[in-house]
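Everything on this sheet refers to the single structure shown next.
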Amino acid sequence: MVRSSFFFSGAAIVALAGATLASPALAGQAPDADMDQARADIIVTGEKSARTLQQTPTSIAVVTPETIEREALITIQDVYNRTANLSETYGSSGFTIRGISNSGVGAGGQADAASVYVDGAPVPKWALYGGPTDLWDVQQVEVLRGPQSTIQGLNALAGGIVITSKDPSLTRWGGDARVLWSEYDDRTFSAAIGGPIIKDELGIRLSAERRNDRGLIYNVTRDEYSDALESLNLRGKIKWTPQAIPGLEAVASYNRVRRDGGYLYEYARTDVPNYFNHRIATGDQPSRGKIDSDLAVFNISYPLAQGLKLSSVTSWNRSRVHSVIDTDGTPQDIQAIDNRYNYRTLTQEMRLNYDGERLSGLLGAWYYRRTGSIDQNSRVNIDTPTATIAALLRANGATAAQATFLSNAYAAQLPVIPVAYSADQPEKVETMALFGDARFKLTDRLTLIGGFRYDHERNRYAAQTVATFNGTLPDANFLGAAYAPIISLINQGVLGLVDDASSPLASNSRSFNAFLPKAGISMDWTPDLTTAFTVQRAYRSGGSSQNPARALLVAYDPEYSWNYEGSLRSKWLDGRLTLNANAFYMTWKDQQVTAYFGQNAYDYNTVNAAGSHLYGFEVEANATIARGIDLYGSVGHVRTKFTDFVLPAGATSTVDLTDTQFPYAPRWTLSGGINAQFGPGFVANLNANYRSSVFTGVGQDQGQYKVGGRTVVNGKIGYETDHWSLFVFARNILNEDYMQYQYAAIHQAILGEPQTVGVGASVHW
């Protein structure tokens with residue numbers, strides 16, 4: 001079904017193109033100024049230097065305001081779905097770049113492997129599903145694929161996503177407004193206004209977006225929609241270019257987000273008829289995610305001399321996230337997780353950029369500080385560990401047969417151990433770095449590329465936990481008086497296992513230094529054809545991991561990778577066709593993964609146990625085939641593999657990663673579409689994206705955790721003028737049924753978005 005629907009969508013795109021080309025109004029007409037503008041080079045800033053996309057060997061996918069409007073993109077997740085080698089993970093919890101999760105591979109490590117930046121400020125990973133990442137009033141989104149360690153430094157082993165909001169105008173007042181209304185009572189109201197307070201010197205821009213969504217998953221136990229959403233995103237931005245100080249530019253912005261909606265993922269039951277079209281949940285507890293985020297950024301730059309500019313970027317972020325989920329999903333009050341994240345982040349960057357005739361580059365310094373804590377309050381059920389109980393009995397003189405019999409009989413009386421668990425986990429991370437990036441033209445066509453970063457990090461992780469037995473122990477006499485002393489011994493052992501998870505406040509402090517070089521070469525074969533090759537080192541810092549079952553803090557070391565990458569940048573047909581490609585190979589060692597130690601299901605912590613490699617490519621193309629018609633497409637391919645898995649002493653892991661793939665690493669990602677303008681103001685877009693099947697778990701048994709590929713076709717058609725537009729849009733036009741995750745044991749799954757039709761209107765002045 002997935003394959004056939006993908007080809008169907010491709011045929012639909014081609015058919016629309018053919019119909020448009022056959023239009024008398026367009027057939028045979030020559031390109032006009034709009035086409036020339038459309039072919040204009042895109043300027044990317046994610047590498048902290050303003051260059052055209054064609055001059056940048058890094059694999060970067062760019063989403064412009066025109067793309068956002070044409071495809072009716074609303075959230076950062078929409079960007080994930082249309083970008084080669086980029087994919088959503090578990091619900092809206094994160095993303096993968098080239099198969100590498102933003103939170104790390106193998107569920108190990110505290111630091112991110114990729115980050116999202118808004119106007120230069122990093123967004124915490126726990127706020128990504130509802131933070132300031134929606135696309136209203138956004139100037140550009142850049143997806144940087146591959147390590148960005150020399151430029152971005154912290155948390156950039158896999159890449160990064162850079163979101164830039166629109167600047168105020170210094171010349172004229174204007175505004176934008178939009179209304180979206182779609183099925184399932186999803187309503188979005190957006191507005192922005194701005195202009196000069198002092199012409200050519202001081203400007204302001206204010207924007208707001210309000211969204212209310214009824215939701216898709218109806219909770220029959222609570223008589224409400226589990227994933228209903230209310231959100232408010234406010235942004236203010238001021239730009240100052242004082243005439244008294246020529247060249248000085250200062251931009252200050254403040255972004256405030258309030259979100260009350262479903263958890264970062266929402267389960268629907270799969271043991272009911274027609275569950276894709278009638279999505280229900282049965283949990284007795286609400287599954288909600290509340291986000292309260294404030295983000296402030298101050299950016300100032302000043303030219304010191306010809307080609308030399310000094311810049312400073314200061315950011316402050318406060319995020320408070322309250323996540324609650326009913327983990328058993330039943331009408332009974334059995335298990336629930338209640339987590340509160342409260343963090344503050346401060347960053348300061350000073351940068352000196354130089355742009356000369358033969359030499360260009362930058363030199364900078366970076367400071368990062370994150371403080372805060374995670375407060376956990378959970379009620380969980382732990383499968384009664386029969387192997388651990390049997391070992392306890394054998395240690396007290398029982399034979400193997402007696403131990404097996406008694407442990408199984410006990411587990412029949414107490415199949416799970418109910419535990420009330422609370423934890424306070426404060427942390428502090430400080431990072432300081434020096435970095436540089438440069439290009440030197442050896443000849444008019446041959447350019448050397450180099451860069452470095454020296455990174456120093458100090459982090460402190462602490463934990464205080466309280467675990468209590470939250471149920472009733474089996475009666476000591478359930479096997480008769482003769483066995484009562486033994487059952488009492490087992491009861492005490494169970495209470496001891498629970499008590500092992502409790503500890504007073506303990507902390508670990510770690511320090512790390514890393515030198516990250518980059519080198520490469522670029523060749524301009526013609527003005528429209530450039531190839532390049534780069535190699536660079538990346539790392540993710542170490543830290544401390546808590547073993548919940550043993551209430552221990554266990555240190556782990558940094559992990560390192562080397563990335564080898566070739567790039568092609570080209571234009572053809574007098575600029576009508578742009579074709580860009582990147583191919584890469586990455587080796588990874590001392591990889592941070594989760595190891596299990598056998599006491600129970602919560603006896604695990606992060607270790608440096610794995611090595612891996614990955615390789616693949618991205619190809620992206622844009623073509624203007626006639627006035628008002630352009631095609632675009634991309635394909636990404638990645639192969640990931642753990643090459644070894646060496647456990648530390650004492651580990652009894654049942655998860656061997658050797659020869660397995662990374663989770664949420666689709667081998668193939670494809671997307672494409674067509675934009676058409678016909679008649680006096682009619683516009684249309686048809687696009688499709690494909691993600692091949694993925695494993696949702698990691699290890700030798702990952703075949704049990706696999707969801708199939710899917711193709712999603714979207715479209716938009718409308719009428720627009722210079723000042724207003726009316727349109728109809730549709731998502732998942734073919735009503736593709738697909739899953740992001742399936743928990744077969746309890747008949748629950750995360751389901752993909754259904755077919756949805758909506759209408760919208762916008763005004764511009």
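The values are calculated or read from the model by the stated rules, or taken from the named source; none is laboratory data. All figures in this text were calculated on a predicted structure; none of them were measured in a lab. Please note: Cβ atoms are built from the backbone with ideal geometry, for glycine as well, and neighbour counts cover all protein chains shown.
Filtering the range 430-450 to residues that are within 30 Å of Asn513 (Cα to Cα) and either touching a Gly at 6+ places or on another chain (Cβ under 8 Å) or surrounded by fewer than 16 Cβ atoms within 10 Å (Cβ to Cβ) (or both) leaves Thr431, Ala433, Leu434, Phe435, Gly436, Asp437, Ala438, Arg439, Phe440, Leu448, Ile449, Gly450.
Filtered by the rule that a residue be assigned to a strand (DSSP E or B), without any contact (Cβ under 8 Å) to a residue 60 or more places away in the chain and more than 30 Å from Ala610 (Cβ to Cβ), the range 658-697 gives Gln677, Phe682. For the residues Leu304, Leu352, Leu346, Leu362, the requirement of being buried (at least 20 other Cβ atoms within 10 Å of the Cβ) and either hydrophobic (A, V, I, L, M, F, W, C) or not in a loop (DSSP other than H, G, I, E, B) (or both) singles out Leu362.
Just a yes or no: is a residue in the range 446-459 farther than 27 Å from Gly364 by Cβ, among the hydroxyl-bearing types (Ser, Thr, Tyr) and not in a helix (DSSP H, G or I)? Scanning the range 446-459 turns up no residue that is farther than 27 Å from Gly364 by Cβ, among the hydroxyl-bearing types (Ser, Thr, Tyr) and not in a helix (DSSP H, G or I). Looking only at residues of the range 586-618 that are within 22 Å of the chain's Cα centre (by Cα) and aromatic (Phe, Trp, Tyr), we find that the one that is nearest to Leu670 (Cα to Cα) is Phe617. Of note, Gly673 satisfies the criterion of being surrounded by 18 or more Cβ atoms within 10 Å (Cβ to Cβ), within 30 Å of Ala532 (Cα to Cα), small (Gly, Ala, Ser) and at pLDDT 95 or above.
Taking the stated definitions as given, is Gly758 touching a strand residue (DSSP E or B) at 6+ places or on another chain (Cβ under 7 Å) and within 22 Å of Thr67 (Cβ to Cβ)? Yes; evaluated as a whole, the condition is true for this residue. Which one is surrounded by the fewest Cβ atoms within 10 Å (Cβ to Cβ), of the residues in the range 251-273 that are closer than 19 Å to Pro286 by Cα and of a type in the set (Phe, Trp, Tyr)? Restricting to residues being closer than 19 Å to Pro286 by Cα and of a type in the set (Phe, Trp, Tyr), the top hit is Tyr265.
Can you tell me how many residues in the range 185-223 are exposed (fewer than 14 other Cβ atoms within 10 Å of the Cβ) and either touching a Lys or Arg at 6+ places or on another chain (Cβ under 7 Å) or over 30 Å from Lys239 (Cβ atoms) (or both)? The qualifying residues number 3.
Do we find a residue being of a type in the set (Val, Ile, Thr), surrounded by fewer than 23 Cβ atoms within 10 Å (Cβ to Cβ), over 29 Å from Thr388 (Cα atoms) and in contact with a Leu (Cβ under 6 Å, 6 or more places away or on another chain) anywhere in the range 561-580? No, the range 561-580 has no match at all. Being part of a strand (DSSP E or B), touching a residue at least 24 places away in the same chain (Cβ under 8 Å) and either under 30 Å from Phe515 (Cα atoms) or in contact with an Asp or Glu (Cβ under 7 Å, 6 or more places away or on another chain) (or both) is true of Asn212. Scanning the range 743-765 for residues that are buried (at least 19 other Cβ atoms within 10 Å of the Cβ) and either farther than 16 Å from Trp181 by Cβ or of a type in the set (A, V, I, L, M, F, W, C) (or both) returns Gln748, Ala749, Ile750, Leu751.
Yes or no, residue by residue, for (1) buried (at least 19 other Cβ atoms within 10 Å of the Cβ); (2) of a type outside the set (Gly, Ala, Ser); (3) closer than 30 Å to Pro474 by Cβ:
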residue: Ile374; (1), (2), (3): no, yes, no
residue: Ala387; (1), (2), (3): no, no, yes
residue: Leu406; (1), (2), (3): yes, yes, yes
residue: Ala411; (1), (2), (3): no, no, yes
residue: Pro415; (1), (2), (3): no, yes, yes
residue: Pro418; (1), (2), (3): no, yes, yes
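Among the residues here, Trp588 does not qualify as touching a Leu at 6+ places or on another chain (Cβ under 9 Å) and in contact (Cβ under 8 Å) with a residue 40 or more places away in the chain. Please verify whether the range 275-291 includes one or more residues that are of a type in the set (Lys, Arg), in a loop (DSSP other than H, G, I, E, B) and modelled with pLDDT of 95 or more. Among the residues of the range 275-291, at least one is of a type in the set (Lys, Arg), in a loop (DSSP other than H, G, I, E, B) and modelled with pLDDT of 95 or more, which makes the answer yes.
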